[in-house]
Amino acid sequence: MIRIAICDDMPDDLQSLVSLTEQFLSVNGLDAEVTGFSHPDHLLTAIETMSFHLYILDIVMPMVTGLELGREIRRIDRESQIIYSTTEPQFALQAYAASPLNYLIKPIGRQQLFDTLALAVSKADLADGQTFTVKTADSLRVIKLSGITCCEYRSHAAIFSLANGEEFSSRTFRENFAEYCAPILNSRYFLQCHTSFVINMRKVEHFTKESFILFGGKAVPIAAKRYPAVRDAYMDYLTARGGNG
């Protein structure tokens, strides 16, 4: 399912954008959920616990501008598509700090929005619906790959760090760590940078020769003998992503 967030402090503009977006989805037979936000603070609160594939943001809004909102979204989510809508064309250059897909000037025509949405959907990363089942000490737990920040091998168990700040452990297992994580490593977003660590490259804030610094500040070491391969894999990921962020 495609999740779309639309933020505009003008009720009529918000209603129009939501309505046109829902028309586009209906015409194209797409399974999606559209959520409208009348204040940027409401969207900032929402993205603390959920993610969207596509954001349509007004620029001139109270307290937090669409430009600031876009930068904050991009700080925590490098893969989503951002579309700006505004009556003020002079902000276009500043808007590109968040690597938006397009910059639409109001009033936005139906076909103009439809064309932009079609491009956004074609680029949207829908792989975050993939899951991984973890056997814990007392139950089975299904987690989304997109919610995993990193996984660490410790005392014959896998310790999962999640994007929401939670950490939990699998029960102990006999296979080696790479074998255990094979279903995760099949995703192009995950990389084993150390015998005992697998990271989600979408959650990397900073990269050095010694470690990855993940969102939230967690440092994950890079094994020296793996560094050339890890560097190349991460650079390939950044190139494929198009350099957003």
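Tabulated values for the structure
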{"item": "The range 39-66: number of residues that are buried (at least 21 other Cβ atoms within 10 Å of the Cβ) and in a helix (DSSP H, G or I)", "result": "3"}
{"item": "Residue within the range 157-165 that is without any contact (Cβ under 8 Å) to a residue 24 or more places away in the chain, in contact with a strand residue (DSSP E or B) (Cβ under 7 Å, 6 or more places away or on another chain) and more than 27 Å from Met1 (Cα to Cα) present", "result": "yes"}
{"item": "Residues of the range 131-166 that turn out to be part of a loop (DSSP other than H, G, I, E, B) and more than 26 Å from the chain's Cα centre (by Cα), as a count", "result": "6"}
{"item": "Positions within the range 16-48 being among the hydroxyl-bearing types (Ser, Thr, Tyr) and modelled with pLDDT of 95 or more, in sequence order", "result": "Ser16, Ser19, Thr21, Thr35, Ser38"}
{"item": "Subset tally (residues that are at pLDDT below 95 and either small (Gly, Ala, Ser) or outside the structural domain of Lys144 (by TED's automatic domain parsing) (or both)) for the range 183-237", "result": "3"}
{"item": "Condition check for Leu119: within 18 Å of the chain's Cα centre (by Cα), at pLDDT 85 or above and not in a strand (DSSP E or B)", "result": "yes"}
{"item": "Matching residues, the range 201-211, being surrounded by 16 or more Cβ atoms within 10 Å (Cβ to Cβ) and either of a type in the set (Phe, Trp, Tyr) or in a strand (DSSP E or B) (or both)", "result": "Val204, Phe207, Ser211"}
{"item": "Residues of the range 174-211 classified as hydrophobic (A, V, I, L, M, F, W, C) and without any contact (Cβ under 8 Å) to a residue 24 or more places away in the chain, total", "result": "3"}
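Residue by residue, here is whether (1) touching a strand residue (DSSP E or B) at 6+ places or on another chain (Cβ under 7 Å); (2) exposed (fewer than 14 other Cβ atoms within 10 Å of the Cβ); (3) not in a strand (DSSP E or B) holds:
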position: Phe168; (1), (2), (3): yes, no, no
position: Arg174; (1), (2), (3): no, yes, yes
position: Ser187; (1), (2), (3): no, no, yes
position: Leu191; (1), (2), (3): yes, no, no
position: Ile199; (1), (2), (3): yes, no, no
position: Ile213; (1), (2), (3): yes, no, no
position: Val220; (1), (2), (3): yes, no, no
position: Lys225; (1), (2), (3): no, yes, yes
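For every residue, the table says whether it meets (1) outside the structural domain of Lys203 (by TED's automatic domain parsing); (2) surrounded by fewer than 18 Cβ atoms within 10 Å (Cβ to Cβ); (3) within 27 Å of Gly217 (Cβ to Cβ); (4) among the aliphatic types (A, V, I, L, M).
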{"position": "Gly29", "(1), (2), (3), (4)": "yes, yes, no, no"}
{"position": "Glu68", "(1), (2), (3), (4)": "yes, yes, yes, no"}
{"position": "Arg75", "(1), (2), (3), (4)": "yes, yes, yes, no"}
{"position": "Pro89", "(1), (2), (3), (4)": "yes, yes, no, no"}
{"position": "Ile105", "(1), (2), (3), (4)": "yes, yes, no, yes"}
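The values are calculated or read from the model by the stated rules, or taken from the named source; none is laboratory data. Given the structure is predicted, the values throughout are model-derived calculations rather than measurements. Don't worry about glycine lacking a Cβ; one is built from the backbone with ideal geometry, like all the others, and counts go over all protein chains shown.
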